[in-house]
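First up is the structure itself, then whatever we jot down about it.
The values are calculated or read from the model by the stated rules, or taken from the named source; none is laboratory data. All of these numbers come straight from a predicted model, not from anything done at the bench. All Cβ positions, glycine included, derive from the backbone under ideal geometry; neighbour counts span all protein chains shown.
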2 protein chains.
Amino acid sequence: MQLLPSYLSGSWSPGSGTRQTLVNPTTEAPLAEVSTSGHDFAAAFSHARAVGTRELGALTFAQRGALLGALAKAIHGAREELIALAVANGGNTRGDAKFDIDGGAVTLSHYADLGARLGSAPLLPDGEPIQVGRTARMAGQHVWAPRHGVAIHINAFNFPGWGLCEKLGPALLAGMPVITKPATATALVAHRLVELFAPLLPPGALQLLVGPAGTLLDHVGPGDVVAFTGGSATARTLRAHERLVAHAVRLNIEADSLNAAVLGPDIELASETGALFLADVVRDMTQKTGQKCTAIRRVLVPEARQAEIEGALRERLAGIVIGDPAREEVRMGPLATAQQLRDVREGIARLAAETTSIFGGTGEVTPVGVPAGKGFFVGPIVRATPTPLACAALNDHEVFGPVVTVGPYDGDATLAAQFVARGEGCLVSSAYSDDRDWVARFVRTAGAWAGRLYLGSSKMASQSPGPGTVLPSLTHGGPGRAGGGEELGGERGLHTYMQRVALEGDASVLKSLLA
Amino acid sequence: MQLLPSYLSGSWSPGSGTRQTLVNPTTEAPLAEVSTSGHDFAAAFSHARAVGTRELGALTFAQRGALLGALAKAIHGAREELIALAVANGGNTRGDAKFDIDGGAVTLSHYADLGARLGSAPLLPDGEPIQVGRTARMAGQHVWAPRHGVAIHINAFNFPGWGLCEKLGPALLAGMPVITKPATATALVAHRLVELFAPLLPPGALQLLVGPAGTLLDHVGPGDVVAFTGGSATARTLRAHERLVAHAVRLNIEADSLNAAVLGPDIELASETGALFLADVVRDMTQKTGQKCTAIRRVLVPEARQAEIEGALRERLAGIVIGDPAREEVRMGPLATAQQLRDVREGIARLAAETTSIFGGTGEVTPVGVPAGKGFFVGPIVRATPTPLACAALNDHEVFGPVVTVGPYDGDATLAAQFVARGEGCLVSSAYSDDRDWVARFVRTAGAWAGRLYLGSSKMASQSPGPGTVLPSLTHGGPGRAGGGEELGGERGLHTYMQRVALEGDASVLKSLLA
């Protein structure tokens, strides 16, 4: 069986020690192995610091952008192969796989374009010059300066392609060398991407660790950045990591998120906005088998419409074919790992104790085209609660699968926002309304509790990607439970990998520094 | 003796338990006592959440700015009284006291003016609208939204006035209620400020804890913000605090900082820029007895000029009268506490083992007008090292007193920047040069390692406040050892107390939300 090597210190290294097997989550057939130890992390960090920093630092934003453009092109060139890996190793349908892989290419292209725009700027201005003395002579100018350190990227299992690219693009464009670590279980796509990318990048710019992180983080130091996407338990460990704490290492976290979708009281289900709402809920449940950190988990609807909405969801979900994602008719594949299946079943049981079933029971399904008893399958599930703000199982625990819970409210915008807040911080929440005053009231309170607010309305319904799609031009991250981090958002995404500095001095000197 | 009460849940409360005594650091005479326990923190948090959030949330930026203006006016009205408290409790000279107290008023006024400018905006825009769909209809707009939570401010002993105000201004303007905790030893100024401020603010907007923090932070939750200024040991404890970690509570830290000052190779000491350099070093050593987190600790000079500079420092420092800061002729008072004196002496001993004495030996002095054997005095000290980048005692440990170490270099701008970097992250560093190319090279590498870079030159010499002065319009904070935090910087200072949200939806809806 293939042993997936890591790419460290400029060469492919198989590692050593016990091995971990990657499987096809549809059939549970083994696909590849990874080593669980035997890598020289100290050497990898030295390589990044000595070679990667120098090589990337010698390039302009435009030149680094051009590299990102080449990476995006490399994805396009290997698209079918990458899709096949995502189907096999991730349990993705072809649509799911494209979402991950094309999403990665789009994000790299976005940062390639940004690089071209930033050109050869030595520093990025942050705001306008400020007079700080008695005369205009004595001035201040905030700038973003390149950081000198290594970016360590620890990614989640659900987006091995996009996750790698969305962290890589901003870091490389900012000039920081990257050590990327995909989740072991679905590492095949990330491994192939680094095979494609490494020859296109300067030495030291990108390293890959497949397998457990082990002592990787014991090598971080001042100036480094750790960016993590994953569960809240790991997030907690990272926050309190001795080495990160001792050196105040910059840490960006995207963790659990109980994203809410709220239907405004003005919206008929048969309207354009109502249809958008319904399509978004169903898409978020089924796309990637609900394994999106941005997927809708909690649904709040006007009490009078609840039965109608539950009926519509039942109807839509009944039509979803579940099974081997390699088959064309299949709309939803398995969960990615056995552990995910255990976690999701546990979450469903917790929900079941406090809610009633609207669709899908507790998720038992007979998947199409799958050997009996094989695969990590769970069916789409809709639950309901009469008391959505009080339901602890709904609001305190993320079920990372095709599961939503619906609850009623009286239509009050502030109450809807409090429902968003009840998740204690999320990546995205959405509201569907064509009543601007209602939306304004909602945003004013909900804004504190989300990294993104998706405002569904009739005017943009036809071209909307839905709340579950992360766009490179908008920030991705959220407060509290969602980790408190921020990625992407166009140029904002570079800031994690740069240092804001207030320059203070003679106005004409400051001006010359930006030229 | 006066028992300083805390101001919690809308009333003054003496607390209970054992007491701690505040002394005059010049005479060691007791001034007041504080309780070390007996406060109902749960009630204080509830009061802030229930009353403070509502009261502040009902006001516009302009109205909250007007409140800050009233606070600044209250400081002016009680200026002499506050200065007297700072002299007695802080060991401040009159000049030191004005720096702290007037600095607080200036900062509040700055945020009062900002509030007036922001007017009644419901949300603050962050950048321009972005097209995110196929047509201009589907848009994105980043905004800063008010957060719903409590700001907990934990301040350092050295700036009881300014420290309280520089955190309070941005938090209140952003709409967050504050619980402020000054360092116990020098709490008299902060206590008096809250006596002045409380009647001018809405209920719940400001609470004060004098005495140890105890279990205060066990009550923080999602949405809250903790802003801390102090030493790195406490900073580490805060970072790993179970409650903060569990809820990903936003934490802003300003900790140790080994600020550097570099003289460019083009500067004659007799020139305007040379004089500015010398004046800034001497000011930072003696102002507040060197107890400024922004004070210059490390000085790098061209090898050929080292002897001349050491001579000039000797001459200036010999003229500094040290003693009872209440006396007019005294230019430098004692350190603030017995513990500070112990720490500074320990730091000097560490330095002494690796450096040679240029001025002041190990700091023994006979202060003017002070009873024999009393007071926490140490004299200004200049040490020298031939190997400034290799000297661990110089670069790894902050001595929080009137102590600098001078070392030589060959004039190379990148080497100078590496010297800045050797401090592993600082609040501010400074370079003095009239050679723009040299400055540009310096900034490009040093920028990663400082929150502010002060660029001294002939053109702004006459009106410069020096690197040690924090201005409300420029960010204050620094990477790595300095804690990784950021405060002030005009509107940027509000962002710690707000949430950035990417709004996504119909372009005209987004536009209406900002109106």
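Just one of the listed residues (A:VAL194, A:VAL220, A:VAL225, A:VAL249) is farther than 23 Å from B:ASP256 by Cα, touching a residue at least 12 places away in the same chain (Cβ under 8 Å) and not acidic (Asp, Glu), and it is A:VAL194.
One residue stands out in the range A:393-416 among those that are of a type in the set (A, V, I, L, M) and more than 20 Å from B:HIS148 (Cβ to Cβ): the one that is surrounded by the fewest Cβ atoms within 10 Å (Cβ to Cβ), namely A:ALA393. Just one of (1) closer than 22 Å to A:THR469 by Cβ; (2) in the same structural domain as A:GLY347 (by TED's automatic domain parsing); (3) of a type in the set (A, V, I, L, M, F, W, C) fails for A:ALA270. It is (1). Mind checking which pairs have a first residue in the range A:11-33 that is under 22 Å from A:LEU341 (Cβ atoms) and a second that is among the basic types (Lys, Arg) and assigned to a strand (DSSP E or B), Cβ under 8 Å, 6 or more apart or different chains? Note: pairs meeting the criteria are A:GLU33/A:ARG19.
Looking only at residues of the range A:457-479 that are facing chain B (nearest Cβ under 7 Å) and modelled with pLDDT of 95 or more, we find that the one that is nearest to B:GLY221 (Cα to Cα) is A:PRO479. Quick one: is B:LEU278 more than 14 Å from every other protein chain (Cβ to nearest Cβ), in a loop (DSSP other than H, G, I, E, B) and either surrounded by fewer than 21 Cβ atoms within 10 Å (Cβ to Cβ) or modelled with pLDDT under 95 (or both)? Answer is no for this residue.
Every residue, every condition in (1) buried (at least 24 other Cβ atoms within 10 Å of the Cβ); (2) closer than 24 Å to B:ASP218 by Cα; (3) at pLDDT 95 or above, yes or no:
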| site | (1), (2), (3) |
| --- | --- |
| B:LEU118 | no, no, yes |
| B:ASN158 | yes, no, yes |
| B:LEU164 | yes, yes, yes |
| B:LEU173 | yes, no, yes |
| B:VAL189 | yes, no, yes |
| B:PHE197 | yes, no, yes |
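Only one entry in A:ASP96, A:ASP40 is of a type in the set (Asp, Glu), buried (at least 17 other Cβ atoms within 10 Å of the Cβ) and within 26 Å of A:LEU188 (Cβ to Cβ), namely A:ASP96.
Pairs are defined by a Cβ separation below 8 Å, a sequence spacing of at least 6 or placement on different chains, a first member in the range B:293-311 that is farther than 12 Å from B:ILE267 by Cβ and among the aromatic types (Phe, Trp, Tyr), and a second member that is surrounded by fewer than 24 Cβ atoms within 10 Å (Cβ to Cβ) and modelled with pLDDT of 95 or more; no pair meets this definition.
Taking the range B:129-153 as the range and being among the β-branched types (Val, Ile, Thr), within 30 Å of B:PRO177 (Cα to Cα) and surrounded by fewer than 24 Cβ atoms within 10 Å (Cβ to Cβ) as the test, only B:VAL143 passes. Any residue in the range B:501-512 that is closer than 30 Å to B:GLU308 by Cβ, surrounded by fewer than 23 Cβ atoms within 10 Å (Cβ to Cβ) and at the interface with chain A (Cβ under 9 Å from one of its Cβ atoms)? No, the conditions are met nowhere in the range B:501-512. Among the residues of the range B:365-405, write down those that are of a type in the set (Val, Ile, Thr) and either assigned to a loop (DSSP other than H, G, I, E, B) or closer than 22 Å to B:ALA450 by Cβ (or both). Selection gives B:VAL365, B:THR366, B:VAL370, B:VAL378, B:THR385, B:THR387, B:VAL399, B:VAL403, B:VAL404, B:THR405. Counting just the residues of the range B:467-492 that are over 13 Å from the mean Cα position of the chain (by Cα) and buried (at least 23 other Cβ atoms within 10 Å of the Cβ), which one comes out farthest from A:GLY489 (Cα to Cα)? Among those that are over 13 Å from the mean Cα position of the chain (by Cα) and buried (at least 23 other Cβ atoms within 10 Å of the Cβ), it is B:ARG481. Once the range A:305-324 is narrowed to residues that are of a type in the set (A, V, I, L, M, F, W, C) and in a loop (DSSP other than H, G, I, E, B), the residue that is farthest from A:ARG283 (Cα to Cα) is A:VAL321. Within the set B:ALA121, B:ALA156, the sole residue that is touching a helix residue (DSSP H, G or I) at 6+ places or on another chain (Cβ under 8 Å) and within 14 Å of chain A (Cβ to nearest Cβ) turns out to be B:ALA121. You will find that of A:LEU196, A:LEU173, A:LEU124, the residue that is out of contact with any strand residue (DSSP E or B) (no Cβ under 6 Å at 6 or more places or on another chain), under 24 Å from A:LEU503 (Cα atoms) and aliphatic (A, V, I, L, M) is A:LEU173 and no other. Taking the criterion of being of a type outside the set (D, E, K, R) and out of contact with any strand residue (DSSP E or B) (no Cβ under 9 Å at 6 or more places or on another chain), the residues of the range B:328-351 that qualify are B:LEU335, B:ALA336, B:GLN339, B:GLN340, B:LEU341, B:ALA349. Pairs meeting the criteria (first residue in the range B:462-479 and free of Cβ contacts under 8 Å to residues at least 24 places away in the same chain, second residue of a type in the set (Lys, Arg) and in a loop (DSSP other than H, G, I, E, B), beta carbons under 6 Å, at least 6 apart or on different chains) are B:GLN463/A:ARG134. Just so you know, in the range B:1-27 the residues that are in a loop (DSSP other than H, G, I, E, B) and surrounded by fewer than 16 Cβ atoms within 10 Å (Cβ to Cβ) include one that is modelled with the lowest pLDDT, and it is B:MET1.
With respect to A:THR18, is the statement that it is of a type in the set (S, T, N, Q) and either closer than 30 Å to A:ALA326 by Cα or within 27 Å of the chain's Cα centre (by Cα) (or both) true? It is false that A:THR18 is of a type in the set (S, T, N, Q) and either closer than 30 Å to A:ALA326 by Cα or within 27 Å of the chain's Cα centre (by Cα) (or both). Restricting attention to the range B:195-207, the residues being in contact with an Asp or Glu (Cβ under 9 Å, 6 or more places away or on another chain) and hydrophobic (A, V, I, L, M, F, W, C) number 2. Checked against the criterion of being crowded, with 23+ Cβ neighbours inside 10 Å and either at negative phi or in contact with a Lys or Arg (Cβ under 6 Å, 6 or more places away or on another chain) (or both), the candidates B:SER271, B:SER257 yield just one match: B:SER257. Looking only at the range A:483-500, residues that are among the small types (Gly, Ala, Ser) and at the interface with chain B (Cβ under 8 Å from one of its Cβ atoms) come to 4 in all. Just to be sure, is B:GLU504 in the same structural domain as B:CYS165 (by TED's automatic domain parsing), in contact with a Phe, Trp or Tyr (Cβ under 6 Å, 6 or more places away or on another chain) and either of a type outside the set (D, E, K, R) or touching a residue at least 24 places away in the same chain (Cβ under 8 Å) (or both)? So B:GLU504 fits the description; yes.
Within the range A:425-445, the residues that satisfy the criterion of being in contact (Cβ under 8 Å) with a residue 60 or more places away in the chain and at the interface with chain B (Cβ under 8 Å from one of its Cβ atoms) are A:GLY425, A:VAL439.
What do you reckon, is B:ALA448 within 7 Å of chain A (Cβ to nearest Cβ), without any contact (Cβ under 8 Å) to a residue 60 or more places away in the chain and surrounded by fewer than 21 Cβ atoms within 10 Å (Cβ to Cβ)? In short, no.
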